[in-house]
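Here's the structure, in structure tokens; my notes come after.
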Amino acid sequence: MSFNTFGQLFRFTTWGESHGPALGVVVDGCPPGIPISAEAIQRDLDRRKPGQSRFTTQRREDDQVRILSGTFEDERDGLLKTTGTPIALEIANTDQRSKDYSEIKDKYRPGHADFTYHQKYGIRDYKGSGRASARETAARVAAGAVARLVIPNVTIRASLVQVGPHRINYANFDWNQVDQNPFFCADPVAAQGWEHYLDTIRKDGNSVGAVIEVVAEGVPPGWGAPIYGKLSADLASAMMSINAVKGVEIGEGMAAAALTGTENADEMRAGNAGPAFKSNHAGGILGGISNGDPIVVRFAVKPTSSIITPRQTVTTRNQDTEVITKGRHDPCVGIRAVPIGEAMMACVLADHYLRHRGQTGREGGYGFG
């Protein structure tokens, strides 16, 4: 078992390495007849690709996607549509610089997966870290773009809400600001302050972590299942599977432990379309099942492990040494994790939509009346 596949009914398998000729994804379980185009997928890939600001790695990749299978041009309207068979997507690697890693081929980077991958497989791709590289997430974003087509009535957005110790002010939160700054941040004031902070971190040869908030609106009540099929559990698994993620919370998350029952419980009142919640401490999920409120997930990304500041480590022969990682790396890898979080949210929701429809024959909950 290689564990490169995620999902149950909407499934995707990523393939390829950071410094290989290409990487990609095979999406299986997408319903037939859905209009699709390379352009629709490219929009999401363009948001994730490297080299778009001085705050991300300067590796230059166009991340142009090719649709290799699973589509057919509908003669009735001329649109390219899914056929219900596996959709293969390919993204070429064009700007690898493997020589940057030659000095660390026998050294483990502290905080990185070098040591554990070597222990697991007995072989380690030191050139860009292979499958342990954040480069793999381009394939996930492509899969997420397909997933969005399966659930077109659901809006999925994300924002960087913390860089290092510096958090946004939710009073300034404006979704329209996310694509107006290099941080995908909904608080323009915080984004402006992060520029100087990250410039200092980068010049010091260091890195910092970040927190990303992902919100899905338009999810009807009823998606998810009790016990072992919880929507919340699959979302946590999806976000934790992203490289460098060390923590996930839904709704109030860890802060719920400090609340009382009267503070945490989302009170309900009768609404025109059924019960309405007066607050959303639950993050849109109760008992592992969506309740109709926005689904709110946050995940924490650790600081980039590849830094030019010397760190104590050992060699593959268990000898003490120091390591400096040269090359092009993100001072805050959490910046480009924003579209990745959106993609994983989309994949989980598409999967649960198909599972719910398959089990109940409905798009959402029973409703009232």
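The values are calculated or read from the model by the stated rules, or taken from the named source; none is laboratory data. What you are looking at is a predicted structure, and each value in this text was computed from that prediction instead of being measured. Here Cβ is always computed from backbone atoms with ideal geometry, including for glycine, and neighbour counts include all displayed protein chains. Note: areas computed on protein heavy atoms with side chains; ligands, DNA, RNA excluded. Shrake-Rupley method; radii C 1.70, N 1.55, O 1.52, S 1.80 Å.
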Requested in this report: For the range 222-277, name all the residues that are open to solvent by 30 Å² or more (accessible area, probe 1.4 Å) and part of a strand (DSSP E or B).
Outcome: 246, 248, 249, 250, 268, 269, 270, 271, 275, 276, 277
Query raised in the report: Within the range 199-211, is even one residue in contact with an Asp or Glu (Cβ under 9 Å, 6 or more places away or on another chain) and either open to solvent by 60 Å² or more (accessible area, probe 1.4 Å) or in contact (Cβ under 8 Å) with a residue 60 or more places away in the chain (or both)?
Result: yes
Query raised in the report: residue 318 is checked against (1) of a type outside the set (D, E, K, R); (2) on the phi > 0 side of the Ramachandran plot; (3) open to solvent by less than 20 Å² (accessible area, probe 1.4 Å) and fails just one. What number does that condition carry?
Result: (3)
Report task. Hey, can you tell me all the residues within the range 129-152 that are of a type in the set (A, V, I, L, M, F, W, C) and assigned to a helix (DSSP H, G or I)? Result -> 132, 134, 138, 139, 141, 142, 143, 145, 146, 147, 149, 150
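Here's a check for you: in the range 297-353, which residue that is acidic (Asp, Glu) and touching a residue at least 24 places away in the same chain (Cβ under 8 Å) is nearest to residue 224 (Cα to Cα)? Talk me through it step by step, then tell me what you get.
Residues of the range 297-353 acidic (Asp, Glu): 320, 322, 330, 342, 351.
Still in the list and also touching a residue at least 24 places away in the same chain (Cβ under 8 Å): 330, 342, 351.
Numbers: 330: 35, 342: 18, 351: 10 Å.
The extreme case among them is 351.
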Query raised in the report: How about the range 165-174: which of its residues are open to solvent by 60 Å² or more (accessible area, probe 1.4 Å) and of a type in the set (Phe, Trp, Tyr)?
Result: 170
Report summary line: Every listed condition ((1) assigned to a loop (DSSP other than H, G, I, E, B); (2) under 19 Å from the mean Cα position of the chain (by Cα); (3) among the hydroxyl-bearing types (Ser, Thr, Tyr)) holds for residue 126 save (2)
Report summary line: When the range 174-221 is checked residue by residue, the ones that are among the polar types (S, T, N, Q), under 18 Å from residue 337 (Cα atoms) and outside any helix (DSSP H, G or I) are 181, 207
Query - Conditions (1) modelled with pLDDT under 95; (2) more than 30 Å from residue 311 (Cα to Cα); number of the one not met by residue 128 - result: (2)
Query raised in the report: From the set of residues in the range 284-304 that are more than 18 Å from the chain's Cα centre (by Cα) and among the β-branched types (Val, Ile, Thr), which is least open to solvent (accessible area, probe 1.4 Å)?
Result: 285
Report summary line: Only unsatisfied item for residue 281, checking (1) of a type outside the set (A, V, I, L, M, F, W, C); (2) loosely packed, with under 15 Cβ neighbours inside 10 Å; (3) touching a Gly at 6+ places or on another chain (Cβ under 6 Å), is (2)
**Report entry** Filter result (open to solvent by 10 Å² or more (accessible area, probe 1.4 Å) and either of a type in the set (Lys, Arg) or in a helix (DSSP H, G or I) (or both)) within the range 352-369
**Finding:** 353, 354, 355, 356, 357, 358, 359, 360, 362
Requested in this report: Name the residue, out of 337, 350, that is under 21 Å from residue 153 (Cα atoms), under 16 Å from the mean Cα position of the chain (by Cα) and not hydroxyl-bearing (Ser, Thr, Tyr).
Outcome: 350
